[in-house]
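Student: Quick one: structure below, then a few questions.
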Amino acid sequence: MNHPFINKMKDSNILSRIPFYLFCGFTAWFVVTLLILPNINVLVDIFWVDGQLSLSAIGRLSSSKRAISAILNSFLLATVLTFTVNIVGVFIVLVTEYFDIKGSKLLRIGFLSTLVFSGMVLNNGYLYVYGQNGVLTNFMLRFFPEINPGWFTGFPAVLFVMTFACTTNHMLFFRNGVKGLDNSTIEAAKNLGGNQWKVLKDVVFPTLFPVMMTLIIMSFQMGLGAMAAPIMVGGRFETISPLILSFTQRPGSRDLAALLSIILGIAQIILLVVMTRNEKKGNYMSISKTKTRVAKQKIDHPVVNAIVHIISYLLFLVYMIPLILVILFSFMNLQGISQTILSFEYFTLSNYADILTNNNNYGPLLTSVFYSGGAAVLAVLFMIMIARIVMKNKNNKLAEWTEYFFYIPWLLPGLMLALGLIISYDAPSWLLLGNSVIGSVWILPLMYLIMMLPSTLRYIKGAYYSFDNNLEDASRILGSSSLRTFVQVILPALLPTALALVALNFNNFLADYDLSAFLYHPAYPTIGIAIRQNADAANNVNAAAVNLVYSVIIMGVSAFMFYIVYGRGSKVGEKKSGLKKSKKRIKLPVVNTAMGDMDVNKSLPDTEKTINTNNGKN
Amino acid sequence: MIEIKDLQIKYDDFVAINDINFQIEEGEFFTLLGPSGCGKTTTLRAIAGFNKPSKGSINVKGKNITNTPIEKRGLGMIFQSYALFPTMSVYNNIAYGLKIEKKSKSDIHERVLELAELVELNESQLEKNVSDLSGGQQQRVAIARALAKRPNIVLFDEPLSNLDAKLRKQLRLELKRIQRETGMTAIYVTHDQDEALEISDKIAVFNDGVIEQIGTPREIYDHSSTEFVCKFIGEANYIDRALIEYINQHNEKRQFDATSRHYIREEKIKLWVPENSVAVPIQAKIIDEVFYGTFSTFICEALDTTLRIIVKEDGNDVIDSSKELTVYIEPKDILEYGGD
C-alpha cells in the first residue's frame, strides 16, 4: 500500500494510536455507566418521584424509628469507637515501639495479628470465643451457671470487637510515626529537664499529632460505616449499613436505603475533606540530616512499669486468644468443637479434608478466590493504563477529570455504589449491551473491581513517579513505538508494585461480606456469606467446624500474600525493576477503610511499606 | 548537517528557549554549555523530539524533522542517568535498538561484540544485569546502546555528571576517541566548562534561554563576546576603575573606557615579561596564597582591585609572600564589556 493518504497516516502515527482511541472509548463508557450514572440514579430515586421533585423519602426516613435509631447508633458507635480505638491503638504502639517492655517482639506479633485476623474472620473468631456457644462463655458457665450465655451482644460487643479489630491502622501508621521520631529531640527535652511524661506530652505526641488526627478521623469513619460487626454480634443494636442492606431487599424501601447511603456518603466526604486539610497542614517530622533512631525508653517508675507490663500482656491475650483458639479448634473433631475441649484425643484433619472435598464447602472459597482474584488483576491492569494516560497528559484537563472520576469509590460508600448499580440496571440496559445486573454472576466481581480502583490508581501513579522517565525516552529514541516501550520497558518496571497491588486487592476482598451481602448470586455464595450463615447460633456444629477451617485458610492465604508483598518477593522485584539501585522505594501502602483508601504516608516520616487490613468491614 | 532555526520552546507562559539559531557540521563535536536552567537540555531534548517547539524548525541534512516522531528520527542519545533498562542484561540493553530494527540474531550478536570492544566491555560483563555494573561501566553500556544502530548523530545529556572526577576525565577522552573513530556528529550538553573546552570542536554558551556565543573553545575563552561568557568560562579578575585608569595612563597601545566593565584571566597576569614588552607593571600586595600542588594562586591587591594570579609551581617563580611584588598586565589581554 503506497497511497499518499496511508503514508501520511503512517508518518503521523495515527494508525498506531487506534488501540489508544479504543481504550479511551472503553474508559468513557466505564466512567459514565459504572461510576457516574448509578450515583445520579440514587439521587433521582430519592428526590424524583412521579416526574417531579419530592422530599417524601426524607419525611419517611425521619418518621421511621428504626432508621433514626440506626443513624443515632452509628454516630454513637463512631464517637465511642474513636476513643477506644485510639486509646488502645496508641497504647499498643507505645509499648512495642517507644517504651522498653519485656517481650515487646512477642507483643508486636500479637498486636499485628489483625493484619490477617480481620473482617468476617475476626468477627467469627470473637463469636467463637465470646458468643452464645463460645469457648469462654462455656468455660464461664461451668463456674457461674447464672450468667446469660448470650451476654456477648449489642453495643458493648460491637464496640469490643471493633476496638481490637481497628487498631491495625495504628500498628501501621502510628508505629511508623514513632519509628520516625528523631531521638535527639527526646534527648534534648530530657536534657532540658523534662521527665518521661513531659517528653511524651510535649515532644512525642505533638510531633505525631497529624498522624493521630488522621487516625482519629479514620476510626470515626470506620464506626460510622460498620457492617459486619453489628450483623454478627450486634443483636438488636442496628447501625446504618445493615439497615441499608435490609431496606434494599424490600422494593418499597429502596429510596430509604438510598437516602441512608447518601447520609453515609456525605459524612464520608466531610471526613475526607477534614482529613485532607489536616494532611495539607504538613507534619512535624525531623528536619535533621543526621536523624537518630528512637531508643526505647525504660519506664522509670517501678509501679507504673509493672502496670504497663500487665496491661500490655492482658491486651496481648485479648488479641491472641480468639486467633489461637480458632486455629486449634479447627483441628478438633466435632465432639471437641461442640464441647469446646482441646485434646489430642479429638485431633483430626477431617475438617480440612471435608472442606477440600465437599463442593458445598469449597465452593464459596473458590468463588471468593475467583471474584477477588479476577477483580484484583483487572483493576491493576486497567489502572496501569489509566495512570499511564494521566501521567503522559499532566496538563490535560480531560485526563485530570478522568482521574477524579476513578476516585469516586473513595468518596462514596461501597453500599451506595452497589445500590446505584442495582437501581440503574435492574432491567436490561443498552449501556450493558442488553444485560441487567439482577441475578448476574459478574456484578459482584465488577463491584469489587470498582472499589479497588482508587487505591490502585493512586499507588500505580506513585510507582510511575518512582520510574525513571529517561528509560522511556531511551527506548523511544532507540526506535521503539510508544506501545512497545510500554510493554517492554515501563510494564516490567512497574511489575513489583502491580503484583503487590494485585495481592493486596485480592486480600482485601477475599473475605468480603459487605458487598457480597448486597450483590451475591444465590448459586455462588462468597466465603463472607458462608461464614455469616454458618455463624448463626441455630446452625449445627458442622457449620462451626467449617467456619473454623475457612478462617484458618483465609488467614493462611492472607499471611502468604503479605509475605509475597512485603517479604522476599518484593525485594527481588525491586532489584529487578531497578528501583533498588536508584534508591527509590516502591510505594506500596494501601490503607483501605470503610471510607476508602487514603495516603496516610503524607503524614508519616518513613514511608515504610504499610498494609491494609480492611478494618472498615468490621 | 544540523540546522536549528528560530527555535522557541514555551511551557505555558514561560519561555524556556527563545529564538535560537545554530548550525552543526557533520562529524563535529558540538557542546551546549551553560548553567542549570539555561535551556541547554531543553534544546537537546527538542532535537531528540521529547520537547515540542512552539516555533522554529530543526533540520537534519536539509530535512525538517521538527514534527517527526521520536522513534523515526534515527538519533542516538546518552542520558545523564544512563537510563539502562533494569529488567534487561547488558547484552540485551545494547541489542535493544537492533531488535526493534528486526536485525538477524547473528547480526545483532556481531554488532554487540563490536560495540563491547569499542567501549571496552568484556564478554562476561555482557551477561550481567546492568545493576551489577559500576557507574563507569554503566555509562559504557549506555554509549554502546546509543551507537548500536550506527546513528549519524548522537546526543549526550550530561553523560558524565554522575561519575567521580577522575573517571569523568578518563571517559571524556574516551568519548572523544569514540566520536573520532565512528565519525558521528555529537551534540553534548554539559555545565562543566573544563569538560566543554577539552572535548568540543565548537561550543554554544547558553544563558537564560538564549545563546550568548558560539565558537571554538579558544575563541570562547580568549574572546568571550559577552560578560556572562567571560565570567562563566574559566576564572577572570574584575578590574576596578582605579586600576583601569592607571593602565590607561601607563600604556599607549590601547585605551579603555573607564565606565565599562573590565576583566582579565588569572593566567594572563604575569610576574615577569620580556624586555620591550608593552605590559603595564603594577605594584601589588600579596594578601593570601593557596597551594594546589602543580600551581599556586596568589591573591593580591592593587589599586582597589583584588587580583588572583596563577603561578606554576616549577621552582622558578619562588615568591616571598610577605613582600610586595610587581605584576604585569598586557592591555590586549583585558576583556571589555559595555559602558554606562
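The values are calculated or read from the model by the stated rules, or taken from the named source; none is laboratory data. Just so we're clear, the structure is a prediction, and the values are computed from it rather than from any experiment. Ideal geometry is used to build each Cβ from the backbone, glycine not excepted, and the neighbour counts take in all protein chains shown.
Student: Identify the single condition in (1) buried (at least 21 other Cβ atoms within 10 Å of the Cβ); (2) among the hydrophobic types (A, V, I, L, M, F, W, C); (3) within 14 Å of another protein chain (Cβ to nearest Cβ) that A:L499 does not satisfy, given that it satisfies every other one.
Tutor: (1)
Student: Residues of the stretch B:103-121 being more than 28 Å from the chain's Cα centre (by Cα) and either modelled with pLDDT under 90 or of a type in the set (G, A, S) (or both), which ones?
Tutor: B:S104, B:S106
To keep it simple, each residue is scored yes or no on (1) of a type in the set (A, V, I, L, M, F, W, C); (2) within 14 Å of chain B (Cβ to nearest Cβ).
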residue: A:Y459; (1), (2): no, no
residue: A:V487; (1), (2): yes, yes
residue: A:P492; (1), (2): no, yes
residue: A:V541; (1), (2): yes, no
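Table: residues versus (1) within 8 Å of chain A (Cβ to nearest Cβ); (2) touching a His at 6+ places or on another chain (Cβ under 7 Å); (3) within 13 Å of B:L155 (Cα to Cα).
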| site | (1), (2), (3) |
| --- | --- |
| B:E28 | no, no, yes |
| B:K40 | no, no, yes |
| B:A46 | no, no, yes |
| B:G49 | yes, no, yes |
| B:S54 | no, no, no |
| B:P69 | yes, no, no |
| B:Q80 | yes, no, yes |
| B:A83 | yes, no, no |
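Student: Let me ask something else. Testing A:F155 on (1) among the hydrophobic types (A, V, I, L, M, F, W, C); (2) within 26 Å of A:P210 (Cβ to Cβ); (3) at pLDDT 85 or above, one condition comes back false. Which one is that?
Tutor: Every listed condition holds for A:F155 apart from (2).
Student: So in the stretch A:464-485, with the set limited to residues that are of a type in the set (A, V, I, L, M, F, W, C) and more than 7 Å from every other protein chain (Cβ to nearest Cβ), which one is surrounded by the fewest Cβ atoms within 10 Å (Cβ to Cβ)?
Tutor: So, considering only residues that are of a type in the set (A, V, I, L, M, F, W, C) and more than 7 Å from every other protein chain (Cβ to nearest Cβ), the one surrounded by the fewest Cβ atoms within 10 Å (Cβ to Cβ) is A:L483.
Student: Then there is this: Could you check how many residues of the stretch B:87-106 are more than 14 Å from A:D473 (Cα to Cα) and either of a type in the set (D, E) or facing another protein chain (nearest Cβ under 8 Å) (or both)?
Tutor: Matching residues across the stretch B:87-106 total 3.
Student: Would you mention how many residues in the stretch B:232-267 are over 18 Å from B:I309 (Cβ atoms) and either in a strand (DSSP E or B) or not small (G, A, S) (or both)?
Tutor: Of the residues in the stretch B:232-267, 16 are over 18 Å from B:I309 (Cβ atoms) and either in a strand (DSSP E or B) or not small (G, A, S) (or both).
Student: Continuing with the same structure: Could you list, ordered by first residue, the pairs with Cβ atoms under 8 Å in which the first is in the stretch A:298-325 and exposed (fewer than 11 other Cβ atoms within 10 Å of the Cβ) and the second is assigned to a helix (DSSP H, G or I) and not hydrophobic (A, V, I, L, M, F, W, C), at least 6 apart or interchain?
Tutor: A:K298/A:N305; A:D300/A:Q196
Student: Please specify each residue of the stretch B:208-242 satisfying the condition of being more than 14 Å from B:L335 (Cα to Cα) and not hydroxyl-bearing (S, T, Y).
Tutor: Answer for the stretch B:208-242, where residues must be more than 14 Å from B:L335 (Cα to Cα) and not hydroxyl-bearing (S, T, Y): B:D208, B:G209, B:V210, B:I211, B:E212, B:Q213, B:I214, B:G215, B:P217, B:R218, B:A242.
Student: Still on this model: Within the stretch B:8-25, can you find the residues that are more than 11 Å from B:N59 (Cβ to Cβ) and in contact (Cβ under 8 Å) with a residue 40 or more places away in the chain?
Tutor: If the condition is that a residue be more than 11 Å from B:N59 (Cβ to Cβ) and in contact (Cβ under 8 Å) with a residue 40 or more places away in the chain, then B:Q8, B:I9, B:K10, B:V15, B:A16, B:I17, B:N18, B:D19, B:I20, B:N21, B:F22, B:E25 are the ones that fit.
Student: Quick check: anything in the stretch B:142-163 of a type in the set (G, A, S), farther than 16 Å from B:L98 by Cα and within 12 Å of chain A (Cβ to nearest Cβ)?
Tutor: Within the stretch B:142-163 (the criterion being of a type in the set (G, A, S), farther than 16 Å from B:L98 by Cα and within 12 Å of chain A (Cβ to nearest Cβ)), the answer is no, since none of the residues qualifies.
Student: Could you tell me how many of the residues in the stretch B:1-42 are part of a loop (DSSP other than H, G, I, E, B) and closer than 17 Å to B:I220 by Cα?
Tutor: Residues in the stretch B:1-42 being part of a loop (DSSP other than H, G, I, E, B) and closer than 17 Å to B:I220 by Cα: 3 in total.
Student: Only one residue in B:I65, B:I58 is more than 13 Å from chain A (Cβ to nearest Cβ) and of a type in the set (A, V, I, L, M), so which one is that?
Tutor: Residue meeting the stated conditions: B:I58.
Student: Also, I was wondering about something else. Could you grab the pairs with beta carbons closer than 6 Å, sequence gap of 6+ or different chains, first residue in the stretch A:548-561 and under 16 Å from A:P364 (Cα atoms), second one buried (at least 21 other Cβ atoms within 10 Å of the Cβ) and of a type in the set (G, A, S)?
Tutor: Matching pairs, first to second residue: A:L548/A:S330; A:V549/A:S330; A:V552/A:S330; A:I554/A:A511.
Student: Would you mind finding the one in A:G420, A:G439 that is away from chain B (no Cβ under 14 Å) and either in a helix (DSSP H, G or I) or acidic (D, E) (or both)?
Tutor: When all the criteria are applied, what remains is A:G420.
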